[in-house]
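Following: one structure in structure tokens, then a few remarks.
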Amino acid sequence: MQKFIGTGVALVTPFKEDTSVDFDALRRLVEFNIENGIDYLVINGTTGESATITSDEKKEIIKVI
């Protein structure tokens, strides 16, 4: 099993006012973290509101990342 090495960030899932996932904001968040030296991202975890987003939204989030 490979271990995570370096600094990681558990990403939050940004939402629009209508409660849909804000994919543009998510892309900016990912780019910001990568540009600032983050080694890995944790997505769709409890910080990413995994219990409140749909399966389709989870799949789309993975595609964005």
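For beta carbons closer than 8 Å, sequence separation of 6+ or different chains, a first residue in region 54-65 that is among the basic types (Lys, Arg) and a second that is surrounded by 10 or more Cβ atoms within 10 Å (Cβ to Cβ), the qualifying pairs are Lys58/Asn44; Lys58/Ser50. Among the residues of region 14-65, just one is at positive phi and open to solvent by less than 40 Å² (accessible area, probe 1.4 Å), namely Asn44.
The values are calculated or read from the model by the stated rules, or taken from the named source; none is laboratory data. Worth saying up front: this structure is predicted, and the values here are computed from it rather than measured. Reconstructed Cβ throughout: ideal geometry from the backbone, glycine too, with neighbour counts over all protein chains shown. Side chains included, ligands, DNA and RNA excluded: accessible areas come from the protein's heavy atoms. Shrake-Rupley method; radii C 1.70, N 1.55, O 1.52, S 1.80 Å.
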